[in-house]
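The values are calculated or read from the model by the stated rules, or taken from the named source; none is laboratory data. Quick caveat, the model's predicted, so the values are computed rather than measured. Note that we place each Cβ from the backbone using ideal geometry, even for glycine, and neighbour counts take in every protein chain shown. Note: areas computed on protein heavy atoms with side chains; ligands, DNA, RNA excluded. Shrake-Rupley method; radii C 1.70, N 1.55, O 1.52, S 1.80 Å.
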Amino acid sequence: MFSFTCSLLTTIFLVLTIFLHPSNAQLSSTFYSSTCPNVSSIVRSVIQQALQSDTRIAASLTRLHFHDCFVNGCDGSLLLDQGGNITLSEKNAVPNNNSARGFNVVDNIKTSLENSCPGVVSCADILALAAEASVSLGGGPSWTVLLGRRDGLIANQSGANSSIPAPTESLANITAKFSAVGLNITDLVALSGAHTFGRAQCRFFNQRLFNFSGTGSPDPTLNSSYLATLQQNCPQNGSGNTLNNLDPSSPDTFDNNYFQNLLNNRGLLQTDQELFSTNGSATMSIVNNFAINQTAFFEAFAQSMINMGNISPLTGSQGEIRSDCKKVNGS
């Protein structure tokens, strides 16, 4: 009787687990072990080659995964070009237009994978694998990527405009957007740490430099010498497209310097500095911890990337495996 009861309880627990966390249950680190066993090494090899001519590409590819998952879940919808049934591409949404990049590298990865194991690896999984390889190659943590996502059949430009956090939003708004996709405060701070490498255009933060929130003055949370440097790089009537290092101390290395910058009021984006400069926020202690403990940051970042990769994936017979990441099959 005891063994029967234990068995029954175990069955109930498993059913509830699958019901409550269907995506986690259906994604697997060994999904391609028999159909495309070299998938991770193929992805990594293409990115290593791309890094030789483009030091920014690791940060750019990491960002693509983030911007994909926050819209319709991690389904590769960001990669779809306008055309056919795709009347409005997410690439042309405000957060991505003339900003999101690395699509050519994704295409190169897809070509390599199609040569090795045709029709097997989804574009959504390519983004997840590319993010992990990019962070690892940049000096950051590695993690076991859960796989088995399938590619979406639609794009959602309006969703990209409304769901992807904007660099000028309040911490409360950003927190709400993370919460809407099942991510918490620790995820928010950890994933913001991806700004330890990469660049940002002046247009994403120049509102902080001269007339912050209509005050006629710069953002008071900006370090004065850092402010002077940014004003020189991004003059009031200058080009909004000029690139600036998100982390001036180690712009192409994945480390915890981003959080040390925040302690010194050297966060580039408004949404960066708000993590530490919003009085009473629960994010402040997390920033402090990550600033003094890189291992804690790396561990949290890896877990948060897994959490983000679990946002509403298409699995089983849902969606498709695109043969070309830029378009739905048959279009």
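Scanning the range 158-175 for residues that are of a type in the set (Ser, Thr, Tyr) and part of a loop (DSSP other than H, G, I, E, B) yields 168, 170.
Would you please name the residue that is surrounded by the most Cβ atoms within 10 Å (Cβ to Cβ), looking only at residues in the range 277-294 that are out of contact with any helix residue (DSSP H, G or I) (no Cβ under 9 Å at 6 or more places or on another chain) and free of Cβ contacts under 8 Å to residues at least 12 places away in the same chain? The residue in question is 285.
Here residue 203 does not fit the description of being over 22 Å from residue 98 (Cα atoms), of a type in the set (Lys, Arg) and open to solvent by 40 Å² or more (accessible area, probe 1.4 Å). Restricting to the range 295-331, give me the number of residues that are open to solvent by 70 Å² or more (accessible area, probe 1.4 Å), in a helix (DSSP H, G or I) and free of Cβ contacts under 8 Å to residues at least 40 places away in the same chain. Residues in the range 295-331 being open to solvent by 70 Å² or more (accessible area, probe 1.4 Å), in a helix (DSSP H, G or I) and free of Cβ contacts under 8 Å to residues at least 40 places away in the same chain: 1 in total.
When residue 165 is tested against the conditions (1) open to solvent by less than 50 Å² (accessible area, probe 1.4 Å); (2) over 19 Å from residue 195 (Cβ atoms), the lone failure is (2). The listed residues are 173, 184, and the only one of them that is modelled with pLDDT of 95 or more, surrounded by fewer than 15 Cβ atoms within 10 Å (Cβ to Cβ) and under 27 Å from residue 136 (Cβ atoms) turns out to be 184.
Rundown of residues vs (1) modelled with pLDDT under 95; (2) assigned to a helix (DSSP H, G or I); (3) open to solvent by less than 20 Å² (accessible area, probe 1.4 Å); (4) of a type in the set (Val, Ile, Thr), yes/no style:
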position	(1), (2), (3), (4)
7	yes, yes, no, no
10	yes, yes, no, yes
14	yes, yes, no, no
31	no, no, no, no
42	no, yes, no, yes
55	no, no, no, yes
63	no, yes, no, no
73	no, no, yes, no
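Considering only residues in the range 221-257 that are free of Cβ contacts under 8 Å to residues at least 40 places away in the same chain and crowded, with 18+ Cβ neighbours inside 10 Å, the one that is nearest to residue 287 (Cα to Cα) turns out to be 227. Residue 28 meets all of the listed conditions (1) within 23 Å of residue 310 (Cβ to Cβ); (2) touching an Asp or Glu at 6+ places or on another chain (Cβ under 8 Å) but one, namely (2).
Residues of the range 121-154 that are open to solvent by 30 Å² or more (accessible area, probe 1.4 Å) and either in contact with a Pro (Cβ under 8 Å, 6 or more places away or on another chain) or part of a loop (DSSP other than H, G, I, E, B) (or both): 139, 142, 143, 144, 146, 150, 153, 154.
For residue 200, the conditions (1) closer than 22 Å to residue 300 by Cα; (2) in a strand (DSSP E or B) are fulfilled apart from (1).
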